[in-house]
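Below you'll find the structure, written out as structure tokens, and then a few comments.
The values are calculated or read from the model by the stated rules, or taken from the named source; none is laboratory data. Nothing here was measured: the structure is a model prediction, and the numbers come from that model. Note that we place each Cβ from the backbone using ideal geometry, even for glycine, and neighbour counts take in every protein chain shown. Heads up: the accessible areas ignore ligands, DNA and RNA and are worked out on the full protein's heavy atoms, side chains in. Shrake-Rupley method; radii C 1.70, N 1.55, O 1.52, S 1.80 Å.
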Amino acid sequence: MEGAITVVAAGNGPEKGRGRTRWGLVLAILALPVLVLGFLIVGMFMWVLSDEDDPRAGDPAKVPCAEALAFGGAERPADVQPERCTVQHGIDTAYSAVLRMPREDVRAWLRETYPNAPELRTGDPCGALCLDVSHEDGLPASAEAHVVQVRVEYENAETALVRFSAFTM
């Protein structure tokens, strides 16, 4: 068949790829940044919503005792053995300190630290000594706390366990 014309249907011959776009390649290239960005956003939300090791999360975090005492307008007394000092953030901020010190020094330290405070209380329910101080009744101007509470227990004839709390309201 000489002179016969061969008709090639569109898409069936050597010109198969012609007219076809490269959207598959473009979509693949665009999908990678979108996926990476999506993972970063999800990771960021997971990090923000987790409160592990975050002092603002509600669990107490260890702090230097000087920081805890300073929040309540106090200085670390001489001859003190700090046991544990923490801060807890939430709606309010609360510092606490547990100290061991010579029993004979407790009253003098409290009077020197809070000279305008009410008298120390003794007996039930506060233990050996109690002191509650606020800005209205003797808390020093240097204190960031709104209230300071001190509870003292005598461990023996020589040692007192002092529980110091300073917090905002």
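Taking a point 7 angstrom from the Cα of residue 144 along the C-beta vector, which residues in segment 76-96 have backbone N less than 20 Å away? Under 20 Å, as judged by backbone N against the label point of residue 144, lie 76-77, 84-96 of segment 76-96. Dipole size of segment 58-148 about its Cα centre, with +1 on Lys/Arg Cβ and -1 on Asp/Glu Cβ: approximately 260 debye, rounded to the nearest 20.
Going by accessible surface with a 1.4 Å probe and the largest first, 134, 165, 142 read 142, 165, 134. In a fully extended conformation the segment linking residue 41 and residue 104 would gain 16.8 nm over its present Cα-Cα distance, using 0.36 nm per residue. Sorting the segments 93-104, 59-70, 36-47 by their mean number of nearby beta carbons within 10 angstrom, highest to lowest, gives 93-104, 59-70, 36-47.
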